[in-house]
Amino acid sequence: MEEEAQAKVDIWKYVFGFTEMAVLKCAIELGIADVLESQDGRPVTLAELSSALSCSPPILYRVMRFLIHRKIFKEISFNQESTGYVQSPLSRLLMKKGDNSMAAFVLLESSPVMLAPWHGLSARALATGASAFVAAHGEDVWCYAAANPAHSKLIDDAMACHARVAMSAIMENYVDVFKGIGCLVDVGGGDGTTLGILVNKCPWIRGINFDLPHVVSTAQNWDGVEHIGGNMFEKIPKADAAFLMWVLHD
Ligand SMILES: C[S@@+](CC[C@H](N)C(=O)[O-])C[C@H]1O[C@@H](n2cnc3c(N)ncnc32)[C@H](O)[C@@H]1O
């Protein structure tokens, strides 16, 4: 009986399960974490935050209450009767810029393009053919990105934010692995962030950032890194070692 009763409560988590992603995306788009960070730890009242973001206070209050309940931002008391918002470790990851930011990844995965395949998951399970992304969009994610620069930028920015987080851990713990390598090719290296960080820490390495032509054509310049466009299934540039780091479902 207790389990049955609990089930009737738990089901609501799934009915409204989408709200976590939606509210997180809203917080990033509004720039809530960026405003709080700019205050150097000083608590920001609801009135101040609403005014800084040009938001409706009652709606922003509800957004903040939802997030604080999940340890994204904190509300603290100050000056006896006032309360204000400050950053939490989780909310700091939502800042638009910074080495630890995961904001671009949230914006990619919460985009309508990336969510559409999930709406067809049951069809994918029943079918024997195309991936869920192909079923939703008619082509794979990389062809779709080549034809849709705005989506390509969402992917490249998300990968770059992941690269900054992952490379910081790799450089801290495994820099010795790269000793003795003269030339390194990063296969599917996105906008070159990975190699930019690597070559900066290991200046003896010449980096080749290899990715699809539409990706390298918009990639930024990094000292010591050459961009080469191509298809890894045909051939990859010659180097002493190849590096592969992929985090994306298809
Ligand atoms: C999941 S992302 C990984 C990005 C980066 N390595 C990281 O982890 O931050 C995969 C990358 O591979 C590239 N890619 C996909 N198919 C490719 C192909 N056939 N040849 C070369 N690059 C490809 C994509 O454009 C994308 O930048």
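How many residues does the stretch 78-91 contain that are touching an Asp or Glu at 6+ places or on another chain (Cβ under 7 Å) and over 13 Å from LEU46 (Cβ atoms)?
1
Kindly indicate the residue of the stretch 175-228 that is open to solvent by less than 80 Å² (accessible area, probe 1.4 Å) and of a type in the set (S, T, N, Q) and also farthest from ARG164 (Cα to Cα) among those meeting that condition.
ASN209
Inside the stretch 110-225, counting only helices (runs of 4 or more DSSP H) that do not spill past its ends, which hold 2 or more residues that are away from the ligand (no atom under 11 Å from the Cβ) and touching a residue at least 60 places away in the same chain (Cβ under 8 Å)?
Working: elements: 112-119, 121-126, 132-137, 141-147, 149-173, 193-201, 213-216.
Per the criteria, 149-173.
If we only count helices (runs of 4 or more DSSP H) wholly inside the stretch 1-51, which ones have 1 or more residues that are over 23 Å from ALA158 (Cβ atoms) and more than 28 Å from the chain's Cα centre (by Cα)? Step through it out loud before you land on a result.
Values: elements: 2-15, 19-30, 32-37.
In the stretch 1-51, the matching helices (runs of 4 or more DSSP H) lie at 2-15.
Being closer than 19 Å to ASN100 by Cβ and open to solvent by 50 Å² or more (accessible area, probe 1.4 Å) is the filter here; which residues of the stretch 35-48 pass it?
Residues of the stretch 35-48 that are closer than 19 Å to ASN100 by Cβ, as a first pass: 35-41.
Matches in the stretch 35-48: GLU37, SER38, GLN39, ASP40, GLY41.
Pairs, please: C-beta under 6 Å, at least 6 apart or cross-chain, first residue open to solvent by 40 Å² or more (accessible area, probe 1.4 Å) and in the stretch 236-250, second part of a loop (DSSP other than H, G, I, E, B) and modelled with pLDDT under 95?
ASP250/SER131
Mind checking which residues of the stretch 1-34 are open to solvent by less than 90 Å² (accessible area, probe 1.4 Å) and of a type in the set (Lys, Arg)?
LYS25
The values are calculated or read from the model by the stated rules, or taken from the named source; none is laboratory data. Values in this document were obtained by computation on a predicted structure and should not be read as measured data. Neighbour counts run over all protein chains shown; Cβ positions are idealised from the backbone, glycine included. All accessible areas refer to the heavy atoms of the entire protein, side chains included, with ligands and DNA or RNA removed. Shrake-Rupley method; radii C 1.70, N 1.55, O 1.52, S 1.80 Å.
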